[in-house]
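Participant: The structure follows.
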Amino acid sequence: MFSSPSARKLSCGVVVLNDAAELLLCHVTGHDHWDLPKGGPAPGEPPLTTALRETREETGLVLDPSTLLDLGRLEYRPRKDLHLFALRLPRLDTSLLVCESHFSNAAGRRMPEMDDYRWFPFAEVSARVTARMAAVLCERLDLAALLHRLRTQDLLVA
C-alpha cells in the first residue's frame with residue numbers, strides 16, 4: 001500500500017551544477033557514498049527554507065532563494081520523498097566548504113555529517129551516490145537536461 005504524501009517523511013535539498021557539467025556532492029562521514037546537501041524540515045518549515053538551511057549547515061554555502069529552481073517533490077524511498085531545488089554556480093573551490101552540522105559516533109566523538117566535497121562529472125555521479133539517489137539524479141531528473149534548463153533560464157549565481 002502506498003502511503004499518502006503527508007504520511008511520508010521529507011528531505012529537502014539543493015542540486016548544485018556548474019557549466020562544466022559537474023554536480024557538487026558531499027561525502028557522508030563514515031560511509032562510502034556521496035550525497036546532496038539535504039535534510040529534514042523543522043516543524044512547519046517550508047521546503048525552500050529547509051533546503052537553504054541544510055545547504056548552509058552542510059556546506060557553508062549561503063544561497064539566494066531567488067536563484068533556485070523548484071524541482072518539486074520526488075519519490076525517493078518507500079517512506080521518504082525528496083523536495084529538490086537546483087541552481088548553477090561557478091566552479092568554486094570545494095576546499096573552502098565546511099560542514100557545521102555534527103553527530104556523535106559510536107565512540108561518542110563529535111563528527112561532521114559531511115567530511116569532503118567534490119565536483120563530479122555527470123557520467124560519474126551514479127557510481128558515487130546510493131542507487132536510489134542515482135535513480136533520482138540520473139534517470140528522473142537527467143542532470144544534462146537540468147543544466148540546459150538552468151542555462152536557458154539564465155539562472156547563474158555569480
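Here, each number is a calculation from the coordinates, and none is a lab measurement. Just so it is clear, the structure is predicted and the values come from calculations on it, not from any experiment. Because the Cβ atoms are built from the backbone with ideal geometry, glycine has one as well, and the counts that use them run over all protein chains shown.
Participant: For a Förster distance of 22 Å, can you work out the FRET efficiency between the beta-carbons of GLN153 and ARG132, rounded to the nearest 0.05? Working shown, then result.
Facilitator: Working: r = 28 Å, r/R0 = 1.26.
Efficiency, rounded to the nearest 0.05: 0.20.
Participant: Between the stretch 44-64 and the stretch 87-158, what's the alpha-carbon centroid distance in Å?
Facilitator: With the stretch 44-64 and the stretch 87-158 each reduced to a Cα centre, they are spaced 14 Å.
Participant: Moving on. Given a cut-off of under 8 Å on Cα pairs at least six residues apart, what relative contact order in percent is computed for the chain? The partial results should precede the final answer.
Facilitator: Numbers: 290 pairs, mean separation 46.2, N = 158.
In percent, rounded to a whole number, it is 29.
Participant: Where does each of GLU113, GLU75, GLU100 land when they are ranked from fewest to most other beta-carbon atoms within 10 angstrom?
Facilitator: GLU100, GLU75, GLU113
Participant: Quick check on the exposure proxy: order ASP70, ASP32, ASP116 from fewest to most C-beta atoms within 10 angstrom.
Facilitator: Ordered from fewest to most neighbouring Cβ atoms within 10 Å, ASP70, ASP32, ASP116 come out as ASP32, ASP70, ASP116.
Participant: Restricting to DSSP H runs of at least four residues, report the calculated mean residue ellipticity at 222 nm for the chain, -39500 (n - 2.57) per run over all residues, nearest 500 deg cm²/dmol. Provide the component values of the computation, followed by the final result.
Facilitator: Numbers: 4 runs with 34 residues, N = 158.
Value at 222 nm, helices only, nearest 500: -6000 deg cm²/dmol.
Participant: So, in nm, how far is label ASN105 from label ASP70 when the simple model puts each one 7 Å beyond its Cα toward the Cβ?
Facilitator: 4.0 nm
Participant: Please compute the Kirkwood hydrodynamic radius of the chain from all pairs of different C-alpha atoms, in Å with one decimal. Working shown, then result.
Facilitator: Working: mean 1/r = 0.0625 Å⁻¹.
About 16.0 Å for the chain.
Participant: Separate question: What does the net charge come to around SER11 if you take all other residues with beta carbon closer than 14 Å to its beta carbon, with K and R at +1 and D and E at -1?
Facilitator: Once all neighbours under 14 Å are counted, the net charge is +1.
Participant: Can you give the net charge of the other residues whose Cβ lies under 10 Å from the Cβ of PHE122, counting K and R as +1 and D and E as -1?
Facilitator: Here the count lands on -3.
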